[in-house]
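Read the structure below first, then the notes.
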Amino acid sequence: MKSKVLRIVVALVFVFLLLGSSLGVVYGSETVSYRVQWGDTLWKIAQNHNTTISNLKAANGLTSDYILAGQALRVTASQSTSNYRVQWGDTLWEIAQRYNTSVAQLKVANNLTSDQILTGQILRVPNSTASVSTNNSRFSSSDIELLARLVGAEARGESYIGQVAVAATVLNRVKSSSYPNTISGVVYQVANGFIQYCPVRDGSINRPASETARSAARDAINGWDPSNGAVSFYNPRTATNAWIRTRPVTTVIGNHMFVR
């Protein structure tokens, strides 16, 4: 009789866990093989796998930070992960917001090649590190969405690294005493009667952001700055502002020149 009761209790616990959206926390280290994508850096891969550049280099016998698209890397991540059952209407971006992670990290943790997820699907959600939580805490979800909309409008068609760089220039302005200290203040700033960003002038800032743009905004907020400290950018083929062409160039990514 006792064994029968025990089996019933175990079965009920199993059913409860299956029906719940959060199925607990898993701890440990996992070594996976990651194939380098175009635009990847060791820093980005380390961030997405909750490890360090030093660990990546040691695990793969690397003597420099140089990696090639298509290269296979051994990645060992020591972290806890939460299992999450996808609910109807969920998107990767909404789940990432809820768990203070990024779409890129969710895709890596679950070997996803697209943003498509299915109701009932179980996802592994990397628990956020303290440093990421600290960086994100000063920005609201509406701040991040606004930054993503600007990235989408300004850098549509650019590489992922180019989109992160555009987001980083906005954040560099937020940090600078020469500009407003909020994302919305920077995006909607009017200086000497001149609206700073074309998407604000033409209304394209109001278009919904893509998942890629949201991920780029989060990567910039989490500290990735491919712009090398730039506060502005322009396309030299279309820019008509003579002043911006006089600014020191920090880097060139795709169609954009980034300047201080």
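Which residue is nearest to E211 (Cα to Cα), if the candidates are limited to the range 100-114 and must be of a type in the set (A, V, I, L, M) and assigned to a helix (DSSP H, G or I)? Residue satisfying both the conditions and the ranking: V103.
The residue pairs whose first member lies in the range 90-109 and is on the phi > 0 side of the Ramachandran plot, whose second member is in a loop (DSSP other than H, G, I, E, B), and whose beta carbons are closer than 9 Å, counting only pairs six or more residues apart or on different chains, are N100/N127; N100/S128. Within the range 240-260, the set of residues being surrounded by 14 or more Cβ atoms within 10 Å (Cβ to Cβ) and touching a Lys or Arg at 6+ places or on another chain (Cβ under 8 Å) comprises R247, T250, N255, V259, R260.
Summed over the range 220-239, residues that are without any contact (Cβ under 8 Å) to a residue 40 or more places away in the chain and buried (at least 17 other Cβ atoms within 10 Å of the Cβ) total 1.
Yes or no, residue by residue, for (1) more than 19 Å from T113 (Cα to Cα); (2) modelled with pLDDT of 75 or more; (3) within 23 Å of the chain's Cα centre (by Cα):
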residue	(1), (2), (3)
M1	yes, no, no
L6	yes, no, no
L19	yes, no, no
L23	yes, no, no
Y34	no, yes, yes
G39	no, yes, yes
V75	no, yes, yes
T81	yes, no, yes
R85	no, yes, yes
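Hey, could you check the range 197-219 for residues that are surrounded by 17 or more Cβ atoms within 10 Å (Cβ to Cβ) and farther than 20 Å from T91 by Cβ and say which is nearest to the chain's Cα centre (by Cα)? Going through the qualifying residues, I end up with I205.
The values are calculated or read from the model by the stated rules, or taken from the named source; none is laboratory data. No experiment lies behind these values; they were computed from the predicted model shown. Using ideal geometry, Cβ is built from the backbone for each residue, glycine included, and neighbour counts are taken over all protein chains shown.
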